[in-house]
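See structure below.
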Amino acid sequence: VTERPDVVVVGGGAAGAVVASRLSADPSVRVLLLEAGPAPDRLGAFPARLLDAGTVQGADPDHPENWAFPAMLTPDRPYSIARGRILGGSTTINGGYFLRARHSDLERWARRGGAAWSPDRMLELYRRSETDLDFGESSIHGGSGPILVKRPPLDDAISAAFVAAANADGWASLADAAAENPPGVGAVPQNVAHGIRQNSALAYLLPVLHRPNLAVRGDIRVLRVLASAGRVTGVEVEREGVVETIASGLVVLCAGAFSSPHLLQVSGIGPADRLREAGVEVLLDAPGVGASFSDHPQIAVSWLPRPGAVDLDLPRIMAARLALRSSDESEQDLELLPMLKPTTALLGHAVSEHDGVDVLVSLLRARSRGSIALSSPDVRVAPDIRYHYLVDEDDRRRLRLGVRLAARLLGSAEFAPLTAGFADGLEPALATDSGLDEWIGRRIGTSVHASGSAPMGPATDTFAVVDPSGCVHGITGLRIADTSILPDAPTGGPSATAVLLGELVSDAIRTGP
Ligand SMILES: Cc1cc2nc3c(=O)[nH]c(=O)nc-3n(C[C@H](O)[C@H](O)[C@H](O)COP(=O)(O)OP(=O)(O)OC[C@H]3O[C@@H](n4cnc5c(N)ncnc54)[C@H](O)[C@@H]3O)c2cc1C
C-alpha cells in the first residue's frame with residue numbers, strides 16, 4: 001500500500017479518519033493515510049491525558065500534540081490557535097461537544113451544493129456517523145454508527161445552578177439539543193463515553209487497522225501536493241527529516257481548516273499574486289483559498305468558586321448549553337457553555353483558590369471573516385492567520401448581549417451559594433457599552449471552529465475552491481474533506497459536521513465517476 005496507493009489521505013483528523021476507513025472498506029482500493037503527528041494503533045497507545053474527557057489538556061499551546069498556530073484575532077490580540085496533531089486530529093484534543101449543524105445551516109449550504117448537500121442527505125450522513133446512546137436509532141438519530149454520542153447528566157452543582165438560573169430567567173429546558181429546538185437550555189451531546197473522549201480515529205480507524213489495503217502512517221508530514229498538466233501526481237512528504245515523494249493519482253486533503261488551504265498555497269494553488277509574492281510558482285489561480293474563513297468569537301466570563309462548588313473529579317468539562325437568538329429575527333446565534341472546572345484544572349495544571357471558572361460565550365453567526373496566507377514557500381513556516389474579530393458593530397453588540405446574560409445568570413440567586421463574584425473586573429465594565437467593548441477587546445478568544453477556508457460552491461463562483469464532491473475546481477485527482485470546504489461555520493461546534501464531511505466525500509469517491 002505504501003509503495004503504490006490508489007488514494008493518499010492527508011491528515012487523520014475528524015474527517016480524514018472517516019475517509020480512510022470508508023474508502024478502505026473496498027478491498028480493491030489501496031489507501032494510505034499520512035498523519036503529521038503520532039498514529040497510536042490501539043486505545044492504550046493514545047496519551048491518557050488526551051483520552052481523559054474530564055480535562056482538555058491538548059488545548060494547552062505547549063502541548064506536544066497541538067499545532068499551536070500563531071494568529072491575530074484583532075490587531076491587538078495575538079493568540080495561539082490550538083489544533084490536534086495526532087491521529088483523530090482536533091477531535092483528540094477538543095471539548096468533546098458533538099452537535100450537528102442546524103437546519104438553517106443545511107439549507108444555506110444546499111443552496112450552493114445542490115442535491116449532494118440537501119438537508120435530507122446530510123441528516124442521513126449524520127445518522128450514519130453516530131450511535132446515540134440516549135435516543136438510539138430514530139428518524140433523527142443513528143443507532144449503529146462509529147461515534148458514540150451521549151448527553152451528560154445535569155446534576156453537578158454548577159450545571160444544576162446554571163439550568164435553574166436559566167429557567168428562572170425565562171429559558172425553557174430542552175431534552176435534545178440535536179433536535180430543531182427553539183432557544184433554551186439543556187445537556188450538550190458529547191462524543192464522550194465511559195469518561196473517554198471518543199476521537200474519530202478511535203471510532204473509525206482502530207477497528208479497521210487490520211485491513212491489508214489500509215496503511216496508516218504517523219510522524220509523516222506532507223509538504224506539498226504535486227501536480228502536472230492540471231492533474232495530481234502525488235505528494236511530497238517529510239519522514240524523519242528526509243524529503244521524499246509518494247506517487248498517487250488521488251489525494252484527499254483532510255489537514256484541517258488551516259493546513260489544507262496552506263498546503264494548497266505552497267503547492268501553487270491559491271491567489272496568484274500572494275503565491276508569486278511568496279516565491280511559489282502558480283499552478284492554478286484560486287482566489288478563494290484562505291481568503292475568507294469564519295469561526296466563532298468567544299469570550300470567557302470567569303467567576304470565582306466558593307470552596308466546595310467545583311468537583312474536580314467529574315469525568316467531563318461541561319454539561320449544559322444555553323442557545324439563544326440575539327433578536328427575534330436572528331438564528332440561534334449565541335451560546336453559553338458553563339465550564340465545570342477552573343481553566344487551570346482543564347489544562348491539567350495545579351489549581352489554586354484564586355482560579356476562575358468560565359462561562360464561555362460564543363457568537364455562532366459572526367459577520368467577521370478571517371484570512372490565511374502563506375508566508376514562505378515552505379509549509380513548515382507558519383502561515384499568516386488573521387481573524388479580523390470585532391470589526392463589525394453587530395458582532396460587538398451580540399457579544400455584549402451574551403456577556404451581559406452570562407453575568408445576569410452568574411449573579412442570580414441560584415448561583416449565589418457557589419460564587420464569590422467575577423474573576424476579572426467585569427462588574428464595572430458592564431455599566432456602559434464602550435466599557436464592555438473595551439473589556440471584551442482585551443479578552444476576546446475563539447472557539448477554534450474555523451470553517452470555509454477553501455469553500456464549496458459552483459465553478460462559476462471564482463471564490464469557490466471545491467465542488468459539492470470535494471473536488472478542487474481545475475485540478476483533477478485532488479479533493480478536500482474537512483471543515484475548509486464548508487461555505488461557513490455551522491451554528492454550533494463543527495466536530496460532528498467535520499465527521500459528516502468525511503462521510504460525504506468518501507461516499508462521493510466510492511459512488512462517483
Ligand atoms: C481545543 C479545541 C477544542 C474544540 N472543541 C470543540 C468542541 O467541543 N466541539 C466541536 O464541535 N468542535 C470543537 N473543536 C473543533 C473541532 O474539533 C474541529 O473543527 C474538527 O476536529 C475539524 O476537523 P478536521 O477534520 O477539519 O481537522 P482536524 O480534526 O484538525 O484534523 C486535521 C489533521 O490533519 C493533520 N495534518 C495537518 N497538516 C498535515 C500535514 N501537512 N501532513 C499530514 N497531516 C497533517 C493534523 O495533525 C490533524 O490530525 C475544537 C477544536 C480545538 C482545537
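The values are calculated or read from the model by the stated rules, or taken from the named source; none is laboratory data. This one's a predicted model, so the numbers in the text were calculated from it and none came from an experiment. Positions of Cβ are backbone-derived with ideal geometry, glycine not excepted, and every protein chain shown enters the neighbour counts. Heads up: the accessible areas ignore ligands, DNA and RNA and are worked out on the full protein's heavy atoms, side chains in. Shrake-Rupley method; radii C 1.70, N 1.55, O 1.52, S 1.80 Å.
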Checklist entry - For the Cα atoms of the chain, what angle does the longest principal axis make with the long axis of helix 103-113, in degrees from 0 to 90, nearest 10? => result 20 degrees
Next on the checklist: Of P70, L99, A45, which is farthest towards the positive pole of the range 23-111's charge dipole, taken about the Cα centre with +1 and -1 on the beta-carbons of Lys, Arg and Asp, Glu respectively?
Outcome noted: L99
Checklist entry - P(r) tail for the chain, what percent of Cα pairs lie past 40 Å? => result 18 percent
Item to check | For the range 385-436, size of Cβ-based charge dipole, Lys and Arg +1, Asp and Glu -1, in debye | outcome: 60 debye
Checklist entry - Any idea what angle helix 119-129 forms with the longest principal axis of the chain, computed on alpha-carbon atoms, 0 to 90 degrees, nearest 10? => result 90 degrees
Checklist entry - What span do the alpha-carbon atoms of the range 170-219 cover on each of the three principal axes, reported in whole Å from largest to smallest? => result 56, 23, 20
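Net charge near P212: determine it from the other residues with C-beta under 13 Å of the C-beta of P212, scoring Lys and Arg +1 and Asp and Glu -1.
Numbers: positive: R30, R211; negative: D26.
With Lys, Arg at +1 and Asp, Glu at -1, the neighbours total +1.
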Item to check | Ellipsoid equivalent to the range 238-342 - semi-axes via the Cα gyration tensor, in Å | outcome: 43, 22, 13
Next on the checklist: Within the chain, what whole-number % of the accessible surface is contributed by carbon and sulfur, with the 1.4 Å probe and all protein chains included in the calculation?
Outcome noted: 52 percent
Next on the checklist: Quick check: the angle from helix 256-266's long axis to the longest principal axis of the chain, C-alpha only, nearest 10 degrees?
Outcome noted: 40 degrees
Item to check | Under 13 Å, Cβ to Cβ, from R367 - net charge with Lys/Arg +1 and Asp/Glu -1 | outcome: -3
Checklist entry - How many percent of all Cα-Cα pairs in the range 283-394 sit more than 25 Å apart? => result 47 percent
Checklist entry - In debye, nearest 20: dipole of the chain around its Cα centre with unit charges on the Cβ of K, R (+) and D, E (-)? => result 720 debye
Item to check | In Å, descending, principal axis extents of the Cα set of the range 148-302 | outcome: 63, 44, 29
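Ordering L500, L401 by accessible area with a probe of 1.4 Å, largest first, what comes out?
Largest accessible area first, the list is L401, L500.
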Checklist entry - Per 10 Å bin from zero, what fraction in whole % of the C-alpha pairs of the range 368-513 is there, up to the bin with the longest pair? => result 10, 27, 27, 19, 13, 5, 0
Next on the checklist: For the range 87-119 and the range 424-480, what is the centre-to-centre distance using only Cα atoms, to the nearest Å?
Outcome noted: 14 Å
Next on the checklist: Strictly greater than 18 Å: what percent of every Cα pair in the range 451-513 meets that?
Outcome noted: 30 percent
Checklist outcome for this item: Reduced to Cα centres, the span from the range 326-403 to the range 1-40 in Å works out to 32 Å
Item to check | Within the range 34-90: Cβ-based charge dipole about Cα centre, in debye rounded to nearest 20 (Lys, Arg +1; Asp, Glu -1) | outcome: 80 debye
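When ranked by the protection proxy of mean other Cβ atoms within 10 Å per residue, highest first, what sequence do the peptides 371-380, 141-150, 31-40 form?
My ranking of the peptides, most packed first, is 31-40, 141-150, 371-380.
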Item to check | Signed unit charges on C-beta, dipole axis of the chain, positive-most listed residue L336, V351, S447 | outcome: S447
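Hey, can you rank 202-211, 277-286, 358-367, 238-247 by average C-beta count inside 10 Å, highest first?
So the order, starting with the most tightly packed, is 358-367, 202-211, 277-286, 238-247.
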Checklist entry - With every protein chain kept in the model, how would you rank T432, T91 by accessible area, 1.4 Å probe, largest at the top? => result T432, T91
Checklist entry - At each listed q (0.11, 0.14, 0.18 Å⁻¹), what is the log10 of I(q)/I(0) that the Debye formula gives for the range 1-155 modelled as equal alpha-carbon point scatterers? => result -0.59, -0.96, -1.31
Checklist entry - Hey, what's the Kirkwood Rh for the range 423-466 if you take every pair of different alpha carbons, in angstrom? => result 13.7 Å
